[in-house]
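For reference, the structure is listed below as structure tokens.
Values quoted throughout were computed directly from the atomic coordinates according to the rules given, and no laboratory measurement underlies them. This is a predicted model, so every value here is computed, not measured. Note that we place each Cβ from the backbone using ideal geometry, even for glycine, and neighbour counts take in every protein chain shown.
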Ligand code: BES
Ligand code: ZN
Ligand code: ZN
């Protein structure tokens, strides 16, 4: 809990006043603080061209004595035109990073005089507290000494009504960030610790005391349920797989749920089609789709949304072994469809196919899948976007809107009947797990493969987050420079909130 609502600022937070600065249409800068002394100081630094008010700037001024504060932090918001949630979120992250670097213990911000986001106090508090919690994250489980310096931020509430609004906002920010940070924590954990069983345990622990119902299937149950494609991937590992099912009923029982599916490969060596060793350590992040799915469910429960949602996460390790599947092997999925495994490294789609079948058996209102599915999506989009795929354009448009709302970046990539055809090219089985002989458009082929398991005409969209799984602090300042991001948790929650 790094943000607090107070009626009187603590002695420590009084030490540093945060002032957000924006640039108006005429090019002049204005401070969010009502204090004249702040404006005068700002002018001085702008005139000296030491501060411009642009996004990315965060300048701490020492020994200034303003409103009893010794220090003033000037934070750039950029142009006042088009100033949205995401700009405030990023500016806050830059501010927090500066405070941390300078080892400041506490700081305060007057949200009353910050005139943005239609001046909604709760929204301002939500965005800032979410950003602070996200920026504050560090994975420290295996460090003998936790080195991260923490800063606490205080919002001053002058009236009782303001206090309530601010507290609502802070609570929302914390709920959202705790879902994202859970996802990051389990993803950052190394694979010798974060086994499929451990992920199931951590999920159960995190859901304790909430309205979430968590069911975990072990290997005997998975066999009983005939998840033949998932078992095929899992059989090369000493660590048995788990299927984690999370149910949340916040609306009337009669309301059809939304279904979510996540790829939770706690490690992907590639299996017998083994990956090169360079950068293979990043494959501990191959569980990000599953982790972010769990994070979404935790956030939804914390926010108490009035929706029904069911999520399936396939926690599996892909290893080469005497018992592992070989290229050319044929698996029978739960759906009854057979799959020729051309490449054991295209394992995510195998795991997910059975979960998609499970999900669509429930006839959900819509189905989303999330996975670090293909290296090809990184080639297509770099790290700037998550690739989204659907035959349903309306669904894509709604997803884009939700992503926009929370400041995440998605980009639609094609999935067509042609791609589906390429996945049906095996002479021996109904489907193959790789486009043969054409391997091009790998992300679209993978998405096309997944669509073959969607039954009952369920509106369906797939998110390939391989491009945004980790190390994105350089793009989004509230993400860690190194480590998992928890991408798309906020987009999913936003979509579901409105559904
Ligand atoms: N987990 C990988 C995809 C991946 C690669 C995620 C790099 C993040 C960073 C996935 O299981 C995989 O290996 N896919 C193959 C598919 C191919 C064999 C058809 C790929 O992308 O090369
Ligand atoms: Zn793989
Ligand atoms: Zn994988």
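Assorted remarks:
- The alpha carbon convex hull volume per residue for region 1-136 rounds to 101 Å³.
- Taking packing as the residue-averaged number of other Cβ atoms within 10 angstrom, the listed peptides 40-46, 329-335 run from highest to lowest as 329-335, 40-46.
- Kirkwood-type radius of region 67-185, with distances r between different C-alpha atoms, in Å: 15.2
- Sorted by Cβ neighbour density within 10 Å, fewest at the top, the residues 217, 492, 411: 411, 217, 492
- In terms of the mean number of neighbouring beta-carbon atoms within 10 Å, the peptides 72-81, 158-167 order highest first as 72-81, 158-167.
- Distance histogram for region 356-499 (every C-alpha pair counted, 10 angstrom bins, percent rounded to whole numbers): 12, 39, 34, 13, 2
- Multiplying the residue separation of residue 498 and residue 379 by 0.36 nm and removing their Cα-Cα distance gives an extension gain of 39.6 nm.
- Only Cα pairs under 8 Å and 6+ residues apart enter the sum, and on that basis the relative contact order of the chain stands at 15 percent.
- Whole-number Å³ per residue for the convex hull built on Cα positions in the chain: 155
- Cα centroid separation, region 413-462 to region 103-124 (Å): 48
- Look at 453, 51 and count the other Cβ atoms within 10 Å of each Cβ; fewest to most, that gives 51, 453.
- Label-point gap, in nm, between residue 150 and residue 6 - each point 7 angstrom along Cα→Cβ: 1.6
- Ranked list, fewest to most other Cβ atoms within 10 Å of each Cβ, for 415, 214: 214, 415
- R0 of 45 Å, Cβ-Cβ distance residue 416-residue 167: FRET efficiency to nearest 0.05: 0.40
- Ellipticity at 222 nm from helices only: DSSP H runs of n ≥ 4 in the chain, each -39500 (n - 2.57), divided by the residue count, give -11000 deg cm²/dmol.
- Share of pairwise Cα separations in region 302-408, more than 23 Å, in percent: 44
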